[in-house]
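Accompanying notes for the structure given below.
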Amino acid sequence: MESNQTTACGAPKIEPNTSSTSSLTAAYNWFQDCCSTHTTCNLKLFSKTGWYPTRLIDIGQKESFHWRLLVVSEDGISPQSAPYMTLSYRWAPNPKPILLASNIDEFRHGKPIKDLPQTFRDFIVVARRFSIRYIWIDALCIIQDSRGDWEIEAPTMRFVYTNSICNVAASVSKSPSEGLFRSRDTDKLKMRIVPCSLYSGKEEPSYIYEDFWDKDILKAPLHKRGWVLQERILAPRVLYFGKDQIFWECLTRRKCELLPNGLPLEIPSRRDLLDQLHWAGASNSRKMSDTLYNLWIKYIEEYSQCMLTNPSDKLAAIAGIAQLFQDFTGDEYIAGLWKSRLVEMLGWNVSAPRKLKSLDYRAPSWSWASTDGDFTLRLDYEVHLPSLVNVYPHELSDRGVHTI
Ligand SMILES: [Zn+2]
């Protein structure tokens, strides 16, 4: 039976490694809670019923020491509607193993798990803890020396992630050899409480809250990579393995081990995207609202700070989000810009240009996608994103803490 492990004073029990039983049990409980009780997360507005990637990795039963590549249309999966998980990670130069035209039969026959990079092996540990038998990893599921295969697979990235039951992000790892899990100093991971009268006028115990999300996720090495933005935004659920903690993000909640019932501050997130796209799709107007347009600009701003191994992927690595916008708004996507906002979008500016790694053509010169550097665009109107929600101390009272 699963249960949240806590200390005697009610605080979450933090063990010295993120691979610990209590950490993976917490992650599993978040996953189960989302799958069984979060109505919004299970609407599957962005996914495609019955869709599967061309290839998947079968990790077999818990005791299996081998993985094998499945060609889904030929090998099938069992049961027929079995879910799969995806992995967001940073590539390394000359990664091994990778799927090639020459080793596809070998991969389909089966290979030892022990020969995979540490991050892939750790990902299998998590998938097995979640009782998920199938996983998708780009290096093993796309033929890396075939331009033809890439041209078929790249446009499907949107559905690879929207149909994933949960995406695992190796946030703190700079290469596949670094693994998902980390040791941590549990003494530094204690929530502090001080008396505070800011909210109610009388002194109440309040948390000293550190912005874990910004520090451990948004500034982590993985999230500086271009492809990862859409993987994070398109997946219905993401489990992030950070330096000190595991984090959860779905369309309903954000959680971490220190705050297992939810992070105190809600900031504009993927929920806004879902709400706005749902509204645009359901309304007759099907137009690009100011809020949606502002979200697009925010994504481009964030994306422009990321790096791409292949500069030619500049538009491809964000095409999944663009397709989603296009489907729900009916607007026309033109090389990173929107037809209904073309004139205002042409006012883009790059505040810190980076030297181009390649002069190969990738977008028209009037598109921000032709440049590298921090993108900015002044908005000429007031936008109304959902405001920050103040959280009062009494709303946090059910969260376990260490006092000073
Ligand atoms: Zn959820």
- Message: Pairs please, first residue from the stretch 26-40 and not assigned by TED's automatic domain parsing to the domain that holds residue 257 and open to solvent by less than 20 Å² (accessible area, probe 1.4 Å), second anywhere and near the ligand (Cβ under 8 Å from one of its atoms) and assigned to a helix (DSSP H, G or I), Cβ atoms under 9 Å, 6+ apart in sequence or on different chains.
- Response: none
- Task: Assess whether residue 208 counts as being away from the ligand (no atom under 16 Å from the Cβ), modelled with pLDDT under 90 and surrounded by fewer than 22 Cβ atoms within 10 Å (Cβ to Cβ).
- Result: yes
- Message: So the check is Cβ under 8 Å with 6+ separation or different chains; which pairs have a first residue in the stretch 182-198 that's more than 30 Å from residue 119 (Cβ to Cβ) and a second one that's among the small types (Gly, Ala, Ser) and in a strand (DSSP E or B)?
- Response: 193/206; 194/206; 195/206; 196/206; 198/206
- Could you check how many residues of the stretch 32-45 are more than 9 Å from the ligand (Cβ to nearest atom) and closer than 24 Å to residue 241 by Cβ? 2
- Odd one out for residue 96 among (1) of a type outside the set (Gly, Ala, Ser); (2) surrounded by fewer than 21 Cβ atoms within 10 Å (Cβ to Cβ); (3) touching a residue at least 40 places away in the same chain (Cβ under 8 Å): (3)
- Given the conditions (1) under 18 Å from the mean Cα position of the chain (by Cα); (2) surrounded by fewer than 16 Cβ atoms within 10 Å (Cβ to Cβ), which single one is not true for residue 105? (1)
- Message: Tally up the residues in the stretch 130-154 that are open to solvent by 60 Å² or more (accessible area, probe 1.4 Å) and within 28 Å of residue 63 (Cα to Cα), please.
- Response: 2
- Message: Give me the residue from the stretch 108-124 that is of a type in the set (A, V, I, L, M, F, W, C) and surrounded by 18 or more Cβ atoms within 10 Å (Cβ to Cβ) and, out of that set, farthest from the chain's Cα centre (by Cα).
- Response: 116
- Task: Would you please list the contacts, defined by Cβ atoms under 6 Å and residues six or more apart or on different chains, that run from a residue in the stretch 42-58 that is in the same structural domain as residue 155 (by TED's automatic domain parsing) and over 20 Å from residue 325 (Cα atoms) to a residue that is basic (Lys, Arg) and part of a strand (DSSP E or B)?
- Result: 58/68
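Quick grid of which residues meet (1) surrounded by fewer than 18 Cβ atoms within 10 Å (Cβ to Cβ); (2) in a loop (DSSP other than H, G, I, E, B); (3) at pLDDT 90 or above; (4) not assigned by TED's automatic domain parsing to the domain that holds residue 144:
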position	(1), (2), (3), (4)
227	no, no, yes, no
231	no, no, yes, no
239	no, no, yes, no
243	yes, yes, yes, no
261	yes, yes, no, no
280	no, no, no, yes
298	yes, no, no, yes
- Message: Could you check the stretch 158-189 and list, in sequence order, the residues that are polar (S, T, N, Q) and either farther than 17 Å from residue 17 by Cα or part of a strand (DSSP E or B) (or both)?
- Response: 162, 163, 164, 167, 175, 177, 183
- Confirm whether residue 95 is of a type outside the set (A, V, I, L, M), assigned by TED's automatic domain parsing to the domain that holds residue 239 and either farther than 23 Å from residue 47 by Cα or touching an Asp or Glu at 6+ places or on another chain (Cβ under 6 Å) (or both). yes
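The values are calculated or read from the model by the stated rules, or taken from the named source; none is laboratory data. What you see is a predicted model; the values in this text were computed from it and never measured. For neighbour counting, all protein chains shown are included, and Cβ atoms are generated from backbone atoms with ideal geometry for every residue, glycine included. Protein only, heavy atoms only, side chains kept; ligands, DNA and RNA dropped before computing areas. Shrake-Rupley method; radii C 1.70, N 1.55, O 1.52, S 1.80 Å.
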